[in-house]
């Protein structure tokens, strides 16, 4: 009895707590001035993400066309974007980070903003104007709030490639007039500077606006422009692998650096001059100036303190000294000796600078977004935009948590990170509470499988490159707060090579060396498409990664041909004594592990076949040992999960419910329950004892290949081919508490309802029944009222004067609920009499305008239009809103009312036939006295009058309702 009571309670419900969905699929990227919110493009929509919390804030409604350019105003109030349909759409950014479930609609949209696609757009420092450059060489300046064009600049020699506003900030000038300029660059390699005030004057005079200056120095298209805060310095970088520094300050006459008459006007006094040419030795895609101290602003020697950042084809952000033309430091890892494909994937396509946070954000072609701190000169956060198909997952515990003084937590390893194998050679390691991630590079082809060892401190991976690798973190001790938000650096500590085909399954030992203080590794199994199983010695593999350490070459202890087809899955028993393998040959085989570690350090390992589990009709995709009992679970392409006895290898239970191949299975709750995933996109939680499905989780649209259960079994992680990772959290206790609370509230309400009835307080009784959404109790209340044909209720329409008063004064939403209850009652012949009586009372006591307004109020309040229908509480019916709901109600009442009228007319007719037959029978058989005959005729007449009265009442109700 004690063991039975100590068993954990079965889990019955899981809720979706967090989702890792595609964040960035390519295109422009924008960030707010404080660096907390990031706008990216997913498909054809713009998405706003909270960078710190790692959750999606909202999506912006698009026009089903791809987004070509996007920017956020410096005040972080507006998002401006252009689409391939040549449209301009301006949105207001949400003020808080609370997730919105509806798309944000644009407050201004221009259907045809340009005659050609717009590839660049920028806002001015005051968040008032928006500049956009199109492929036909036209630049337009827009008023963001009012939405009209203020300036148009033509004459560019092709596609406009870069834009920047120059609005000098000079703290020494108070109240002085400040000049705003627009600097543009195009594929004709020229940079043009326009004065917006002069351009406005030229537009009023009817002449075309001309640039103040045209700068020539690049030999290829300039991709980046930036201006210093004081407006004196301009930097430009292009695909000609150079960065140019220009002096664009307004110098008084006579101070020009070139006064020779030989220039013949080519270099005017006060014109911008080229100060420095910096060879970058890579194609520059983004360039900008880092904000300096205030003492630099306004000084003529500012170029000596200017720092420039560049990003390009080598995939790293470089910080340059503008005066010396030297690299001060590099953010990120620069690509060296890589293939052209890898170079194209890792190259930087844009760099965003956040001065308030001293952060540089680099956007890469492989859809990764990296945050670099200028203070620590290190990578602080990495967002992975798109994961492609997720094929496997493993929860990791790289940190041994050390409790702080004010936190009561048991020291040990907790699942804080998630490793994902996607359709890539790079392994993703995510933080469990944010979008921060790291990429593990080492495999040369797609990674197919993952497994963890040493209590989650070690990660193993198998790949199509015919090898398996073991990964370890750099550190193993961290506080709980830091562990939940940071991602450690991982490195490859061992390589296992020897298979002839792809490695599709890996399984590490579940136990550690008893003589090792930190729990050393023992062995690992790998299964391959070459149909063999290999056992690897891991005793010499470290569990910490050293930056300069070389990966250990693991030794194979055995190679065994195990199956006739590809091996899909492997698992090691919790006691490290058994191994199970699942294959496409429709079988699962159980092996005995014989592992010996001698005192000399030598290792011996063998496996011996114990039995074969046969019974699946398709290939076995997954195998898993029970954690507490000697059982084995297998999932197959025949849509079933089977449970096997390890004593005689017979199938003891079969779980059916998935509509497609079962891909992953795992045990939970001390073996009392199982969770499975399938190609139908569903997760199912099974009760092992009665073979029933306890819960079904649905958040995927494709095959769910990845499944991981946390060590405390409080959460489940699933990953699918739709690129979505879902965290499911156990909410069984919460739901039970909620149900118990609702039950207690319902008991109190029912008691109140009975008390109101006993006190004849019909108002509170009716309102309480409506609030409880119990049409059955409401029907019983109206049925208990005396009929309108009763002489005691002549003065009442409904049967009681108090009920009449309640119907006369019901609020709009409650009146709408009552009418919907009437509709449900009217659909049943047994409850139609009460429905007709209440409907008759409503139509007599309330005006038609009141009924129409009741449905309008219901539509305004929202949610009150959904009410249970049926006398005994039927299913929830989703109603229309406003006039459409009233129309639906009338259309539902009229047919049933006509049917009830026809039925009663038929009954009246049949009653005459019965009376006639009875009269004929009595006339010939039984002699009646005159008094008896008169009494019988009176009774018949009274019956006819009653039927006719019901006929007239229902007909009147139909007429009024119609």
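None of the figures in this text is laboratory data; all of them are computed from the coordinates on show. Everything numeric here is computed off the predicted structure, so don't read it as measured data. As a convention, Cβ positions derive from the backbone with ideal geometry for all residues, glycine included, and neighbour counts pool all protein chains shown.
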task = Give the share of C-alpha pairs in each 10 angstrom bin for region 390-730, from 0 to the last occupied bin, in whole percents, shortest bins first.
result = 6, 27, 36, 24, 6, 0
key: Centroid-to-centroid separation of region 517-579 and region 493-510 [C-alpha atoms, Å]   = 6 Å
message = Per q in 0.11, 0.21 Å⁻¹, report the Debye log10 I(q)/I(0) for region 556-635, using one uniform scatterer on each alpha carbon and no solvent.
response = -0.31, -0.94
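How big is region 648-744 by the Kirkwood estimate over distinct Cα pairs, in Å? Let's see the in-between values first.
Working: mean 1/r = 0.0693 Å⁻¹.
Every distinct Cα pair counted, the radius reaches 14.4 Å.
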note = Here D for region 611-704, in µm²/s, from Stokes-Einstein with a Kirkwood Rh over Cα pairs at 20 °C and 1.002 mPa s, works out to 165 µm²/s
request  = Take the alpha-carbon centre of region 442-475, take the same for region 42-74, and report the distance between them in whole Å.
outcome  = 34 Å
ask   = So for region 538-594, what percent of the C-alpha to C-alpha distances run longer than 14 Å?
value = 67 percent
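What order do you get for 755-766, 637-648 when each peptide is scored by the mean count of other beta carbon atoms within 10 Å, highest first? Each step should come with its number before you reach the end.
Numbers: 755-766: 16.2, 637-648: 18.8.
The densest-packed peptide leads the list: 637-648, 755-766.
At a 10 angstrom cut-off on C-beta neighbours, averaged per residue, how do the peptides 91-100, 25-34, 458-467 rank from highest to lowest? Don't skip to the answer; put the middle values down first.
Working: 91-100: 14.0, 25-34: 19.6, 458-467: 23.6.
My ranking of the peptides, most packed first, is 458-467, 25-34, 91-100.
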